[in-house]
Amino acid sequence: MQASRYLIATQKETPADAEIISHQMMLRAGMIRKLAAGLYTWLPLGLRVLRKVERIVREEMDKSGAQEVLMPAVQPSELWQESGRWVQYGGELLRMQDRHGRDFCFGPTHEEVITDLVRNELKSYKELPANFYQIQTKFRDERRPRFGVMRAREFIMKDAYSFHLNKESLNDTYQVMHRTYCAIFDRLGMDYRPVEADSGAIGGSASHEFHVLASSGEDAIVFSTDSDYAANIEKAVALPPQGPRPAPTVDMKETNTPGQRTISDIANFLSIEASTTVKTLLVKAEEDENGNSGLVALVLRGDHNLNEIKAENLPGIAEPLTMATDEEIEQAVGCKAGSIGPVNLPVPVIVDRSAAHLADFVCGANKDDFHLTGVNWERDLPLPRVEDLRDVVEGDASPDGKGTLEIRRGIEVGHIFKLGNKYSSAMNATVLDENGKANILEMGCYGIGVSRIVAASIEQNHDDKGIIWPEAIAPFEVAIVTLNGHKSPAVQEAGERLYTQLRQAGFDVLLDDRKERPGVKFADIELIGIPHRLVVSDRGLEAQTLEYKGRRDADKQDIALDEALPFLI
Ligand code: ATP
Ligand code: MG
Ligand code: MG
Ligand code: MG
């Protein structure tokens with residue numbers, strides 16, 4: 001590419017509203033421009049990086065045996081009604097109507113669409129396992145879009161969905177995807193960790209996240225000093241340090257399935273049916289061996305028909321239970337809604353029916369060092385800050401008994417889930433087994449934040465002059481800077497010759513032939529982060545040399561004019 005005919009839209013000033021380095025540098029280097037909150041245009045330079053990330057993701061997914069498809073971004077509400085998520089998903093789901101008044105959404109994820117496809121296309125166990133992926137635009141109406149493309153509303157995701165006759169086959173593909181993700185993040189040159197994760201609102205049993213370590217990360221990750229144990233702190237806080245204890249139970253009244261339920265059941269239950277059948281909810285806590293009982297807080301939001309919540313065996317609670325605002329919840333629980341609160345608070349149940357978004361559920365137990373497992377899900381609120389969490393602190397023993405825990409910041413760039421039959425049973429996706437019997441499919445799903453990776457890479461690779469791209473995703477691998485090329489035909493010619501030679505050898509080359517002062521060109525090339533820089537000048541041509549500087553090098557060096565290619569290889 002010749003810079004004189006290419007949009008080099010660099011900026012000197014650091015944009016005021018860009019809080020983190022990657023956002024600042026993507027704007028300053030002319031990679032992206034903001035259209036509206038969470039919506040970005042990729043300029044030519046930024047798009048080159050995005051496409052290289054995509055290519056690596058695609059190559060490794062293809063290698064794993066997954067098949068590429070491309071599904072629509074706009075999805076009909078009927079499928080989301082079937083899965084139950086039309087009601088459940090909350091404010092992140094952008095809903096719209098067509099001219100006939102039919103409901104649609106802009107897909108934040110594609111479990112429903114792929115399950116619908118597979119139930120129509122796959123008939124027999126012989127066609128399994130199958131793994132379909134796409135690299136496609138998602139929309140999530142994030143409550144706080146920020147940090148540029150890191151937490152955008154419209155963004156590019158690679159999402160894959162696998163289908164199986166049984167759990168063993170799902171486990172196999174899950175392992176293949178785990179390895180594939182490692183191969184992808186290795187090739188991308190990232191310093192990353194796979195960690196155990198909560199499966200959250202998407203559902204399912206096991207899940208791992210892949211985190212890029214960076215101080216700007218919105219997640220907190222705990223690691224053992226002496227073993228491979230690593231988990232998202234959301235998951236780590238749910239681990240009772242002294243082994244499992246009996247969880248309090250919750251009784252449901254006026255439901256189709258009465259009986260004792262664990263707190264996790266109520267979470268599942270409410271997420272599916274709160275909007276439809278449940279009228280009265282009875283929360284009943286059982287005492288443990290020390291006579292302690294109780295929930296810290298239970299928060300329900302979204303459309304539901306609950307008109308009564310009753311508490312039993314929860315000391316300190318006067319009925320009827322109160323409605324509360326977010327602020328009151330925060331005050332009562334002592335930390336942000338969505339994180340686990342401290343112990344011994346006499347606030348068992350809080351219901352907020354006014355907020356018309358997601359069903360959130362927050363609880364804990366009033367006993368030292370014990371918190372309920374599997375009950376905390378939240379998709380819409382800011383993640384707990386490390387400072388807010390009292391459950392795991394640095395230096396705590398690792399749950400596997402090996403070493404102590406360290407806490408670091410992470411950016412979630414990938415997430416893999418075993419979904420089980422959550423979607424396939426809700427949507428009746430079956431295949432015939434060897435005996436001709438219909439079997440509900442087992443499912444896995446596997447996401448990568450393709451556009452987020454671009455920002456995450458910058459968080460790990462920069463200095464005060466700009467971005468330092470890993471070669472694999474640099475917009476250009478080599479910059480050839482011609483000094484005064486517009487005045488010196490010899491320089492211009494030598495620059496062009498070198499440009500052609502390197503391109504023929506397969507390099508991505510930017511020929512900086514702009515009529516700019518050398519200082520301006522050098523500053524741009526450094527800001528843009530091109531790994532190798534060659535300078536062609538009259539003085540160099542006289543001595544038959546080029547000047548070379550690697551982006552991470554402190555010093556420049558002269559190399560023979562005809563040695564550029566072997567030097568770079
Ligand atoms: P987060 O916790 O950051 O909100 P998530 O857990 O909601 O992410 P998933 O549903 O697991 O996201 O989606 C798969 C991947 O898509 C994530 O691992 C992340 O890399 C990427 N991603 C999710 N939300 C965004 C966003 N708003 N902007 C850019 N990338 C995103
Ligand atoms: Mg999210
Ligand atoms: Mg997450
Ligand atoms: Mg996730």
I need the phi-derived Karplus couplings for the range 482-488: 6.51 cos²θ - 1.76 cosθ + 1.60, θ = phi - 60°, integer Hz, Gly and Pro marked x.
9, 8, 6, x, 6, 9, 10
Over the range 437-544, equivalent-ellipsoid semi-axes from the Cα gyration tensor in Å
42, 17, 9
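Longer than 32 Å from Cα to Cα, which of 63/418; 515/556; 63/422; 12/63 are they? Say none if no pair is.
In this structure, 12/63 exceed 32 Å between Cα atoms.
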Please turn the phi angles of the range 33-45 into ³J(HN,Hα) values with the Karplus equation 6.51 cos²θ - 1.76 cosθ + 1.60 (θ = phi - 60°), one per residue in order, whole Hz, x for glycine and proline.
9, 7, 9, 7, 3, x, 10, 10, 8, 8, 6, x, 5
How about the range 395-437: which trypsin sites (Lys or Arg not before Pro) there are in a DSSP loop, with at most 10 other Cβ atoms within 10 Å of their Cβ?
437
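Rounded, prolate or oblate: which fits the range 93-185, taking a ≥ b ≥ c as square roots of the Cα gyration tensor eigenvalues, rounded meaning a/c under 1.5, else prolate when a/b beats b/c?
oblate
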Please turn the phi angles of the range 67-76 into ³J(HN,Hα) values with the Karplus equation 6.51 cos²θ - 1.76 cosθ + 1.60 (θ = phi - 60°), one per residue in order, whole Hz, x for glycine and proline.
10, 7, 10, 9, 9, x, 6, 8, 10, x
Enumerate the amide H contacts of residue 105 below 5 Å, restricted to partners 5 or more residues apart or on another chain; note that Pro and chain-start residues carry no placed amide H.
75, 77, 96
Using modelled amide H (1.01 Å from N, peptide plane; none on Pro or chain starts), what sits under 5 Å from the amide H of residue 481, excluding residues fewer than 5 places away?
512, 534, 535, 536
For the range 56-205, the accessible surface attributable to carbon and sulfur atoms (probe 1.4 angstrom, ligands and nucleic acids excluded) amounts in percent to 48
Å² per residue, accessible surface of the range 92-208 at 1.4 Å
41
Taking a probe of 1.4 Å, how large is the accessible area per residue of the range 496-553, in Å²?
46
Show the residues, 5+ positions off or on another chain, whose built amide H is closer than 5 Å to the amide H of residue 130.
163
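The values are calculated or read from the model by the stated rules, or taken from the named source; none is laboratory data. What you are looking at is a predicted structure, and each value in this text was computed from that prediction instead of being measured. Here Cβ is always computed from backbone atoms with ideal geometry, including for glycine, and neighbour counts include all displayed protein chains. With ligands, DNA and RNA removed, areas are computed over all heavy atoms of the protein, side chains included. Shrake-Rupley method; radii C 1.70, N 1.55, O 1.52, S 1.80 Å.
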